[in-house]
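The values are calculated or read from the model by the stated rules, or taken from the named source; none is laboratory data. Predicted model only: the values in this text are computed from it and were never measured. Positions of Cβ are generated from backbone atoms using ideal geometry, with glycine treated the same way; all protein chains shown enter the neighbour counts. The protein model used for the area step is the full one, side chains on, heavy atoms only, and it has no ligands, DNA or RNA in it. Shrake-Rupley method; radii C 1.70, N 1.55, O 1.52, S 1.80 Å.
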Amino acid sequence: QVQLVESGGGLVQAGGSLRLSCVVSGVIFNINAMGWYRQAPGKQRELVAGFTSGGSASYADSVKDRFTLSSDYAANALYLQMNNLKPEDTGVYYCHAEVATTGWTFHYDYWGQGTQVTVSS
């Protein structure tokens, strides 16, 4: 019913850049919040950057001043510009959205399939 499709991952050398994109499609009444999470091998999934329902952006300390979150809510799209990438940024990046499909009351969590980001040293 609701799908999140990510793109833009890949292999890059340390210091390089990548831009991730996520598009939400399907039956959408409202998107409350959107964000990017990542999961490194052997570690738990962590929030990298996200927009709250109030529209403010928050970033993990490890990516501040390197990553920039942006959105095109008319297109139900979320972007993550990643600059000065480091090997520790390696992981699978997942797009997340809180989506209501039938009204304002109930929002549910939806996840994309993930896109691999690998940063070589």
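What the table shows:
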item: Test: residue in the range 52-73 that is in contact with a strand residue (DSSP E or B) (Cβ under 9 Å, 6 or more places away or on another chain), part of a helix (DSSP H, G or I) and open to solvent by less than 80 Å² (accessible area, probe 1.4 Å); result: yes
item: Residue 118 vs. criteria at pLDDT 95 or above, open to solvent by 40 Å² or more (accessible area, probe 1.4 Å) and β-branched (Val, Ile, Thr); result: yes
item: Flag for residue 17 being in contact (Cβ under 8 Å) with a residue 40 or more places away in the chain and open to solvent by 50 Å² or more (accessible area, probe 1.4 Å); result: yes
item: Residue in the range 96-110 that is under 12 Å from the mean Cα position of the chain (by Cα), open to solvent by less than 40 Å² (accessible area, probe 1.4 Å), farther than 14 Å from residue 6 by Cα and not hydroxyl-bearing (Ser, Thr, Tyr) present; result: no
item: Search result, residues across the range 26-43 that are within 12 Å of residue 78 (Cα to Cα) and modelled with pLDDT of 95 or more; result: 35, 36
item: Residue under evaluation residue 88, criteria (1) open to solvent by 60 Å² or more (accessible area, probe 1.4 Å); (2) farther than 15 Å from residue 118 by Cα; (3) more than 13 Å from the chain's Cα centre (by Cα); (4) not aliphatic (A, V, I, L, M), criterion not met; result: (2)
